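Colleague: Got a structure for you, questions after.
The values are calculated or read from the model by the stated rules, or taken from the named source; none is laboratory data. Computed from a predicted model, the values in this text were never measured in an experiment. Glycine also receives a Cβ, built like all others from the backbone with ideal geometry; neighbour counts cover every protein chain displayed. Heavy atoms of the whole protein, side chains included, go into the accessibility calculation; ligands, DNA and RNA do not. Shrake-Rupley method; radii C 1.70, N 1.55, O 1.52, S 1.80 Å.
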Amino acid sequence: ACAIAFRIWVGGAGMWAGVLGIAISASAGVAFALYFRQARLRMLTFALLGLGASLPMASLFVLPWETALMILETVSVPMTLANIAGTVLVGEILERRRIQYYRENVLSQEASTDALTQLANRRVFDMRGPDLLMNSARKGEPCTVMVVDIDHFKQINDTYGHDTGDKVLRHLSQIVRSNVRKSDLVARYGGEEIALVLPGHDSRGGGGLAERLRRAVENAPFPLDNRNTIPLSVSIGLYANEGWPESFWAAFKRADTALYRAKSSGRNRVEVALA
């Protein structure tokens, strides 16, 4: 649109031929991008795009017939060859860079994501958790650390097998992820434990969220088959830092201690650690 506006501003005898050529070129580029959106681009594909880049020469026929033929005889072959060569060269460079970026992105994601649950892994939790608590304290805002544990998970594995146990973990992970914000840190901390860091949540907000999670899990048994389900429950321990400077690991230990208190008090409950 900018190029067309500029060409009209320049004016001259070839103005409408130029406008048409720009429109044809843009249309060919958009069609190419849409058609090959998911495909891996190869040299032949770029050669076809190079031919498409030569289509704007058809706009010359807006000019008088004799003038158009004279220009085409002079420039059509070298311009087409230059378009193909240039497009193949630049396209191959960009495609290799795209593949490299994709591989790096996949490796980075694999290094930071738990393969089973697609939550953050323990390494990411250990790195980001302290930063989130520190940033909240710097702003004088509360931050809640929470640990969620599936009740009787060993019994589920022993009764139904580890494959079903893995599916139950994924099921729980989806429930947890759907009940928190994108900005919250949710990680599989180990085994059947999921750890969370919730910036902006005080003890009341964190306790309310924990109770909501507990009820959501209790009300969503895992579907074993068309007729049978596995009832699920979780024990949750949490600690809310009210905005003062504090060691993240001290806060996490308080939440973990609250979790053990929830499990020893009968499970399927939420326990809040006091400062």
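Colleague: When we measure straight from the Cα of LYS182, which lysines land under 27 angstrom away, once same-chain ones fewer than 8 places off are left out?
Modeller: Cα-Cα hits under 27 Å: LYS139, LYS167, LYS253.
Colleague: If you average the sequence gap of Cα pairs under 8 Å that are 6 or more apart and divide by the length of the stretch 1-57, what percent do you get for the contact order?
Modeller: 39
Colleague: Tell me, what is the per residue accessible area of the chain in Å², probe radius 1.4 Å?
Modeller: I get 59 Å² per residue for the chain.
Colleague: Ok, one more. How many nm is it between the label spots at TYR160 and LEU63, if each spot is 7 Å from the Cα in line with the beta carbon?
Modeller: Between TYR160 and LEU63, the label points sit 7.5 nm apart.
Colleague: I'm a student and want to see the number: the projected area of the Cα convex hull of the stretch 193-240, averaged over all directions, in nm².
Modeller: Result: 3.8 nm².
Colleague: Taking 0.36 nm per residue of sequence separation and subtracting the Cα-Cα distance, how much length would be gained by fully extending the chain between ARG98 and ALA26, in nm to one decimal?
Modeller: Extra length available between ARG98 and ALA26 comes to 23.7 nm.
Colleague: Return an integer: the convex hull volume of the alpha-carbon atoms of the chain, in Å³ per residue.
Modeller: 206
Colleague: With a 1.4 Å probe and every protein chain kept in, tell me what percent of the accessible surface of the chain is carbon plus sulfur. Walk me through the intermediate numbers first.
Modeller: Numbers: 9490 of 16090 Å².
With neighbouring chains kept in place, the figure for the chain is 59 percent.
Colleague: Given labels modelled 7 Å from the Cα in the Cβ direction, how far is it in nm from THR229 to ASP131?
Modeller: About 3.9 nm separates the two model spin labels.
Colleague: Under DSSP H, which helices of the chain have Cα atoms covering 27 Å or more of the helix axis and a Kyte-Doolittle average no less than 1.6?
Modeller: Long hydrophobic helices here: 15-35.
Colleague: Another question, if that's okay. Give the value in nm², to one decimal: projected area of the alpha carbon convex hull of the stretch 122-225, averaged over all directions.
Modeller: Numbers: hull surface 27.4 nm².
Average of the hull's projected areas for the stretch 122-225 equals 6.9 nm².
Colleague: Using a 1.4 angstrom probe and counting only protein chains, how large is the accessible area of LYS154 in Å², to 10?
Modeller: Approximately 140 Å² of LYS154 is accessible to the 1.4 Å probe.
Colleague: Can I ask one more? Please compute P(r) over all alpha-carbon pairs of the stretch 1-153, binned at 10 Å starting from zero, and give each bin as a whole-number percent.
Modeller: P(r) over the stretch 1-153, rounded to whole percents: 9, 22, 20, 13, 12, 13, 8, 3, 0.
Colleague: Let me ask you something else. Along Cα→Cβ, 7 Å out, is where each label goes; now give me the distance between the ones at LYS253 and LEU81 in nm to one decimal.
Modeller: Here the answer is 7.7 nm between the modelled labels.
Colleague: Return the FRET efficiency for the residue pair ARG261, ARG181: r is the Cβ-Cβ distance, R0 is 30 Å, and the value is rounded to the nearest 0.05.
Modeller: 0.65
Colleague: Which one of THR87, THR113, THR164 has the biggest mean-square fluctuation once the chain is modelled by GNM with Cα springs under 10 Å?
Modeller: Largest GNM mean-square fluctuation: THR87.
Colleague: Provide VAL106, VAL176 ordered by accessible surface of protein heavy atoms (probe 1.4 Å), highest first.
Modeller: Sorted descending by solvent-accessible area, the residues read VAL106, VAL176.
Colleague: Picking from ILE236, ILE71, ILE84, which is most flexible by a Gaussian network model of the chain using Cα springs under 10 Å?
Modeller: Highest fluctuation among the options: ILE71.
Colleague: Further, regarding this structure: Tell me the mean residue ellipticity at 222 nm calculated for the chain from its helices only (DSSP H runs of n ≥ 4, each -39500 (n - 2.57), averaged over every residue, nearest 500).
Modeller: It comes out at -20500 deg cm²/dmol, rounded to the nearest 500.
Colleague: Rounded to the nearest 0.05, what FRET efficiency do ILE71 and TRP9 have when you use their Cβ-Cβ distance and R0 = 25 Å?
Modeller: Numbers: r = 23 Å, r/R0 = 0.91.
The computed FRET efficiency comes out at 0.65.
Colleague: To continue, here is another question. In whole angstrom, how long is each semi-axis of the equivalent ellipsoid of the stretch 161-275, when you take the square root of 5 times every eigenvalue of its Cα gyration tensor and sort them from largest down? Mind dumping the intermediate values first?
Modeller: Details: eigenvalues 141, 41, 34 Å².
In descending order, the three semi-axes are 27, 14, 13 Å.
Colleague: For LEU107 and LEU274, what does the FRET efficiency come to when R0 = 30 Å and r is the distance between their Cβ atoms, rounded to the nearest 0.05?
Modeller: It comes to 0.10.
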